[in-house]
Amino acid sequence: MAKSKTVFFCSECGHESSGWLGRCPNCGAWNSFVEQRRQPASATGNAIPAGVASGWLSGLLEDAGRAAQAPGPGGLKATPAGRAPDGSLALLDLDGVEASAQGRISSGLAELDRVLGQGFVPGSLVLVGGNPGIGKSTLLLQVAAHSQFARPVLYVNGEESPQQVKLRAERLKLKGSGIKLMPEIVFERIAEAIIKVRPELCIVDSIQTVYSESLSSAPGTVSQVRDVTAGLLRLAKALNTTIVLVGHVTKDGSLAGPRVLEHMVDTVLYFEGEANSSLRVLRSAKNRFGATNELGIFEMTQEGLQGVQNASAAFLTGRPEHVPGSAVTCTIEGTRPLLVEVQALLNPSAYPTSQRQAQGVDRNRLNLLLAVLENRLQLSVGAMDAFLNVVGGVRVDDPAADLAIAAAIASSFKDRAVRDNTLLCGEVGLTGELRPVSFPLERMMEAGRMGFTSCLLPGSDKKNLIRQSRGKDTSDWPEILYVDTLGEALDVLLEDRATPVNQTGGKRHG
């Protein structure tokens, strides 16, 4: 018997090496190589191929196509992929390819449809990642029960027993008449079931538990996850079946397994949220069939995840009033304006190097705004520890939040509350100027709907906002104050008529 061969794979990109390397030459990641044992050679001298890469899956698909006597869903053919009926290579003219007229299928959850781009695309491969206990299995079980698929939904429960899934369904008060459970982790059996049932939706919970019997490595390893995902991708395209994979995340919040996994799938969704909060945020990191800047917001209840219609009110509930270090801004997430509260806290540093901590905002952005405040406005914040938090667990990447971040820092530094009921929007430049923001009309409409009485905007947005608001009802809009520099904005927000207040003496909003 031939000896087995040990190789090393990069857990970030899947790069293969004959020996261990401290840094991956392909992606540059450090300490990312893991050891894998390759299959021994066969008696003929050829290496035994992986089950996904070998011809058994092609043969299974061809047998299913011949048994159907007619092309199945998605145009399943008996000929191998990339081959014409006579066996020759099939080369297609792009102008002659007919685009599929089949539309999207709703998931049954409006917030999920928003992130996906108005529903599932038949034949797509979707990866959903998130921390343990965040609600991934709950979300997908609700999708399986509420989705508008004509054929049964196949739920491959590799981590839980059927009894556990049933208990969750009863707690959520879901009817499972159209859900077929399959407690299985062997890929060959899962593939056979998918070809036999031909579901419109297949949920694999989770991809780290599935393994191929043709590989000797353990489930969840680089080679297993990569090859199994490749096989599921082939099944999704050949059968026109939507397959949703549940993936674990690492300590730093990224999806576990090789990074090449994210390149293989069509859509990557991240399910986020704080452990002590009922709000959950679903965002798209990759979407071949829609935008990646949309945001879905859910609330975890006794009956499962419920979509939040008024997201701004949910994030501002319990907001303290007349308290230093708090400011409200409006960020645009896809097509949705979202009001969020930014809180800052400054404290004299007890160490030679000041601490900089940021939750929900890039820490480099925090350092940049602190430098502008110290250099342009002469606020001595360099020797102070700075802590910044976006309430609700949402991450803000919109540069229009710069003004609210700077105002919250200055408010904490001066121990003076920001002007009451005022929304702050503006990008701060390195010279202290305020740059224009995108979608000013949508921000003003959301501010008026939430009852804000005033709003600070960059002066360069005035002409654009006047042009966009022609013919629209602006009676419920807040008073708009235009400023050109960060210094002018802080003079308005922290003016002397507002008496300093103690940090523990504020009221709460809502």
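Numbers at a glance
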read-out: Residue in the stretch 396-412 that is over 14 Å from L490 (Cβ atoms), of a type in the set (D, E, K, R), under 27 Å from the mean Cα position of the chain (by Cα) and surrounded by fewer than 19 Cβ atoms within 10 Å (Cβ to Cβ) present; value: yes
read-out: Meets criteria (touching a residue at least 24 places away in the same chain (Cβ under 8 Å), at positive phi and either out of contact with any Asp or Glu (no Cβ under 9 Å at 6 or more places or on another chain) or surrounded by fewer than 17 Cβ atoms within 10 Å (Cβ to Cβ) (or both)) for G382; value: no
read-out: Which numbered condition V97 misses (of (1) surrounded by fewer than 22 Cβ atoms within 10 Å (Cβ to Cβ); (2) at pLDDT 90 or above; (3) β-branched (V, I, T)); value: (2)
read-out: Search result, residues across the stretch 419-476 that are aliphatic (A, V, I, L, M), more than 20 Å from A489 (Cα to Cα) and touching a strand residue (DSSP E or B) at 6+ places or on another chain (Cβ under 7 Å); value: M450
read-out: Filter pass, A238 being assigned to a helix (DSSP H, G or I) and crowded, with 22+ Cβ neighbours inside 10 Å; value: yes
read-out: Residue selected from the stretch 404-456 under the condition touching a helix residue (DSSP H, G or I) at 6+ places or on another chain (Cβ under 8 Å) and of a type in the set (S, T, N, Q), by the criterion nearest to K472 (Cα to Cα); value: S438
read-out: Strands (runs of 3 or more DSSP E) wholly inside the stretch 261-354 that include at least 1 residues being more than 29 Å from A169 (Cβ to Cβ); value: 279-287, 319-321, 326-333, 336-348
read-out: Residues located in the stretch 11-22, provided they are out of contact with any helix residue (DSSP H, G or I) (no Cβ under 8 Å at 6 or more places or on another chain) and surrounded by 13 or more Cβ atoms within 10 Å (Cβ to Cβ); value: E12, H15, E16, S17, L21
read-out: Selected residue (only one of L116, L125, L112 is in contact (Cβ under 8 Å) with a residue 40 or more places away in the chain and closer than 13 Å to L245 by Cα); value: L125
read-out: Filter pass, L116 being of a type outside the set (D, E), buried (at least 22 other Cβ atoms within 10 Å of the Cβ) and out of contact with any Ser or Thr (no Cβ under 6 Å at 6 or more places or on another chain); value: yes
read-out: Checking A417 against (1) in a helix (DSSP H, G or I); (2) surrounded by 15 or more Cβ atoms within 10 Å (Cβ to Cβ); (3) not charged (D, E, K, R), the condition it does not meet; value: (1)
read-out: Subset tally (residues that are assigned to a helix (DSSP H, G or I) and hydrophobic (A, V, I, L, M, F, W, C)) for the stretch 448-478; value: 2
read-out: Failed item, numbered, when G220 is tested on (1) out of contact with any Pro (no Cβ under 9 Å at 6 or more places or on another chain); (2) touching a residue at least 40 places away in the same chain (Cβ under 8 Å); value: (2)
read-out: Conditions (1) within 25 Å of S438 (Cβ to Cβ); (2) more than 18 Å from the chain's Cα centre (by Cα); (3) touching a residue at least 12 places away in the same chain (Cβ under 8 Å); number of the one not met by Q302; value: (1)
read-out: The listed residue being modelled with pLDDT under 90 and out of contact with any Phe, Trp or Tyr (no Cβ under 6 Å at 6 or more places or on another chain), out of G318, G296; value: G318
read-out: Residue match in the stretch 183-201 (condition: buried (at least 18 other Cβ atoms within 10 Å of the Cβ) and closer than 21 Å to Y270 by Cβ); value: yes
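Per-residue answers, yes or no, for (1) out of contact with any helix residue (DSSP H, G or I) (no Cβ under 7 Å at 6 or more places or on another chain); (2) farther than 25 Å from R280 by Cα; (3) part of a helix (DSSP H, G or I); (4) among the small types (G, A, S):
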| position | (1), (2), (3), (4) |
| --- | --- |
| A144 | yes, no, yes, yes |
| R151 | yes, yes, no, no |
| Q164 | yes, no, yes, no |
| E170 | yes, no, yes, no |
| K175 | no, no, no, no |
| L181 | no, yes, no, no |
| I190 | yes, yes, yes, no |
| I195 | no, yes, yes, no |
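The values are calculated or read from the model by the stated rules, or taken from the named source; none is laboratory data. Since this is a predicted model, take the numbers as computed values, not measurements. No Cβ is skipped: glycine too gets one built from the backbone with ideal geometry, and neighbour counts run over all protein chains shown.
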